[in-house]
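Comments concern the structure below.
The values are calculated or read from the model by the stated rules, or taken from the named source; none is laboratory data. This is a predicted model, so every value here is computed, not measured. Glycine gets a Cβ as well: all are built from the backbone with ideal geometry, and neighbour counts include every protein chain shown.
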Amino acid sequence: MNLKDFIRSIPDYPKEGILFRDITTLIKDEKAFSETINQIVEKSKKFEFDKIAAIESRGFVFASAVSYILKKPLIMLRKKNKLPADVHSVDFELEYGTATIEIHKDSLKEKDTVLIIDDLIATGGTAEAAAKLIEISKGKVAAFIFVINLFDLGGCQNLLKKKYLVENLIEFPGH
C-alpha cells in the first residue's frame, strides 16, 4: 500500500505559499490508518525506549495507537496552557510563526528513554522543542518517527546533525 496516495495536499493553507499535507484522508481510511500504525510499530522495534511522547495534536492520533499496541506509557507534549499541573515549557519557531509546547514535570523519571512520534516534520522546530522538553525533564530521546517528512525543508537533517535518530514513513517536497 502506498501511503502517499492517502495524503491530501491543500494549497495556501494555513497561509499563502504553504502546501499543507493533510493526514485526515489517511486516518479516515481504516486500511491506510492500520498500515500506518503497523509501519510505525515496525520502525519502533529498532529502538530501545521506556515511553512514547506525542506532539500535539496530530501526533496524538498515531502515538496513542502505537502506545496501546506496544503497551508503553504515553506522554502528551501540549500547546501552552493545555496541561493542568506544573510544566516545563519551550518556545520555538515554526515555518509560519512561533509557538510554545509543554510537558508535565512529573511525566518522566530521570534517564527514561522516549520515542517521539508526530505526523509530519518540516523545518524541525517543533521536533527540536520536543527533544528539549524531554531533556529538560532529565529524559533521553531514543528516536523520532514521523509519518511524513517534507525532505527539502531540512527538519530531519537538522535532527540528524544533532545526533538524534530519525525515521519516517513517507516523503514529500515542502513548499
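Tabulated results
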{"item": "Wholly enclosed strands (runs of 3 or more DSSP E) of the range 1-69 bearing at least 1 residues crowded, with 16+ Cβ neighbours inside 10 Å", "result": "19-22, 51-55"}
{"item": "One residue from Lys71, Lys4 being on the phi > 0 side of the Ramachandran plot and of a type outside the set (A, V, I, L, M, F, W, C)", "result": "Lys71"}
{"item": "Out of Ala131, Ala85, sole residue that is without any contact (Cβ under 8 Å) to a residue 40 or more places away in the chain, of a type in the set (A, V, I, L, M) and crowded, with 21+ Cβ neighbours inside 10 Å", "result": "Ala131"}
{"item": "Number of positions in the range 70-93 that are in a strand (DSSP E or B) and over 14 Å from the mean Cα position of the chain (by Cα)", "result": "7"}
{"item": "Condition met for Leu74 (free of Cβ contacts under 8 Å to residues at least 24 places away in the same chain, under 19 Å from Ala142 (Cα atoms) and either among the acidic types (Asp, Glu) or surrounded by 15 or more Cβ atoms within 10 Å (Cβ to Cβ) (or both))", "result": "yes"}
{"item": "Candidate set: the range 131-146, residues that are assigned to a helix (DSSP H, G or I) and not hydrophobic (A, V, I, L, M, F, W, C); chosen: the one farthest from the chain's Cα centre (by Cα)", "result": "Glu135"}
{"item": "Within the range 94-106, tally of residues that are assigned to a loop (DSSP other than H, G, I, E, B) and without any contact (Cβ under 8 Å) to a residue 40 or more places away in the chain", "result": "2"}
{"item": "Residue match in the range 112-130 (condition: outside any strand (DSSP E or B), in contact with a Lys or Arg (Cβ under 7 Å, 6 or more places away or on another chain) and at pLDDT 95 or above)", "result": "yes"}
